[in-house]
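Only one structure is covered here, and it is reproduced in the block below.
Read-outs: derived from the displayed coordinates by stated rules, not from any lab. Fair warning: this is a prediction, and the values are worked out from it, not measured in the lab. When we count neighbours, we look across all protein chains shown, and the Cβ atoms used for this are built from the backbone with ideal geometry, even at glycine.
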Amino acid sequence: MSYQWKLPDVGEGIHEAEIIRWLVKEGDTVETDQPILEMQTDKALVEIPSPVKGKIVKLHAAERDVVRVGTILVEFETNQQTPNSENQTTQTETAQTPASVSNQSQQTAPTPAKRALATPAIRRLARELGVDIQTVKGTGAGGRVTEEDVRSAVASQVSHPLKNTPPLADRQPFAYTSDREAEQLEERIPIQGIRRVIAEHMVRSKFTAPHVTSMEEVDVTELVKFRKKAADMASKKGIKFTYLPFVIKAVVSALKEYPFFNASIDDEKGQIVVKRYYNIGIAVDTPDGLIVPVIKQADRKSLLELADEISVLTEKATHRKLDVSDLQGGTFTISNIGSFGGYFATPVINHPEVAILATGTIARKPVILDDDSIIGRHLMPVSLTFDHRLIDGGMSGRFTKHIIQYLQDPTLMFLEMV
């Protein structure tokens with residue numbers, strides 16, 4: 001029995017996904033629930049299992065194709081009862097379609113216009129820029145509409161009235177004499193996989209939330225001493241103890257004091273959604289790009305528990321072993337650019353959250369005291385980016401000062417110990 005299997009709904013409102021890698025080839029025999037492909041959704045890289053036991057007759061999509069839920073992906077030859085009897089008839093219906101269409105008069109009702117192929121982020125971008133995505137010619141894989149296509153459409157709309165403007169090609173500083181010369185001087189790399197997802201998220205965030213960033217330096221000399229003692233104790237339990245658990249504790253305390261930082265904006269309903277739970281995303285640098293796993297209920301965990309969970313999530317992120325659930329539900333994000341030697345930054349908000357904190361490298365610097373004496377202190381730079389639709393400068397300053405107070409005097413964290 002032939003069975004054509006369609007891309008299932010993987011949940012979380014995801015309607016499209018990119019095929020990263022087929023784990024099988026035509027002619028292979030597979031078991032039920034055996035992983036057959038890897039797909040990149042807006043949330044994560046996920047493995048899709050086979051719904052049946054049988055032989056792979058045909059793969060209907062290529063790697064790097066972006067496909068919608070309901071698209072036929074695989075044709076099986078199987079003796080097993082298929083999950084959905086409707087799908088069993090798909091092949092027959094497909095085979096009949098060309099003949100029935102050819103016999104119909106073209107004067108019959110017009111065929112509905114084909115929906116433009118684009119990811120949700122690109123559709124949102126088109127709406128925000130006032131572009132009818134149905135009129136945009138896609139240049140991506142399989143005719144997919146890309147961000148560049150949408151922006152080119154905007155540029156075309158803007159430049160159209162300026163008839164005397166020289167064509168863009170005439171304003172190029174130089175042109176290659178041949179394709180061979182271009183290939184020698186440039187390398188063109190498709191934006192795909194997790195890089196594509198990151199790019200779309202960054203564009204969505206920047207075009208949705210007006211970003212403002214404030215920066216401070218925190219005297220963490222006492223925290224450095226305390227962390228060293230804690231790290232020695234934690235290492236005996238096999239736990240790597242960094243500064244991040246302390247930062248998380250300070251942030252959670254500030255989020256409770258200033259709840260608008262632990263919120264999101266529902267643009268469609270015009271509502272502020274204040275969260276009464278504290279799930280902290282931690283930005284992790286991986287060989288494939290930046291990934292943000294989420295520590296759930298961070299307010300209910302001790303410093304040691306946070307340190308242990310940070311190690312586990314970082315390890316899973318580095319080896320691409322995170323589940324979709326590990327990436328969901330964040331309410332606030334912390335990015336540590338200090339691990340790369342960075343100091344200050346202007347981090348991009350992890351939309352739909354409304355703020356993000358970046359911490360930099362702790363450095364020993366001279367500090368002038370009230371009596372004009374100069375001493376060496378450990379200073380940590382912190383950068384807070386917030387959505388100016390919801391948070392203004394005064395609130396941002398008070399939120400940051402709360403965090404600074406806890407990082408300067410880590411013993412305050414014990415006052416809120418669970």
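Along the Cα-to-Cβ line of residue 231, 7 Å from the Cα, sits a label point; which residues in the stretch 353-374 have backbone N less than 18 Å from it? Counting only backbone N, you get 359-365.
When a/c reaches 1.5 or more, the comparison of a/b and b/c decides; with that in mind, is the stretch 211-415 rounded, prolate or oblate per its Cα gyration tensor? Oblate, because a/c is 1.5 or more while a/b does not exceed b/c.
When the dipole is taken about the Cα centre of the stretch 211-415, and only Lys, Arg (+1) and Asp, Glu (-1) are charged at their Cβ, what size is it in debye, to the nearest 20?
Once rounded to the nearest 20, the dipole reads 660 debye.
In this calculation the C-beta distance from residue 315 to residue 288 is compared with R0 = 22 Å, giving a FRET efficiency of 0.90. Label-to-label distance, residue 185 versus residue 392, with points set 7 angstrom from Cα along the beta-carbon direction: 5.3 nm. For the stretch 2-77, the equivalent ellipsoid built from the Cα gyration tensor has semi-axes of 20, 12, 11 Å, listed from largest to smallest.
If you plug the beta carbon distance of residue 346 and residue 271 into 1/(1 + (r/R0)^6) with R0 = 25 Å, you get a FRET efficiency near 0.35.
Here the label points at residue 405 and residue 215, each 7 Å from Cα along the C-beta direction, are separated by 2.6 nm in the simple model. Could you pull out the chymotrypsin sites (Phe, Trp or Tyr not before Pro) across the stretch 275-342 that fall in loop regions by DSSP (anything but H, G, I, E, B) with no more than 13 other Cβ atoms inside 10 Å? Here the sparse-neighbourhood loop sites are 277. In this structure, residue 371 and residue 53 have a Cβ-Cβ separation that, at R0 = 45 Å, corresponds to a calculated FRET efficiency of about 0.05. Available extension along the chain between residue 222 and residue 207 is 1.4 nm, counting 0.36 nm per residue and deducting the alpha carbon span. Within straight-line reach of residue 316, meaning a Cα separation under 19 Å, sit the following lysines at least 8 residues removed in sequence or on another chain: 43, 240, 296.
Using a simple spin-label model with pseudo-atoms 7 Å out from Cα toward Cβ, residue 128 and residue 300 lie 3.4 nm apart. Using the alpha carbons alone, the radius of gyration of the stretch 316-418 stands to its Kirkwood radius in an Rg to Rh ratio of 1.04.
Straightening the chain between residue 364 and residue 151 buys 72.1 nm, computed as 0.36 nm per residue apart minus the Cα-Cα spacing.
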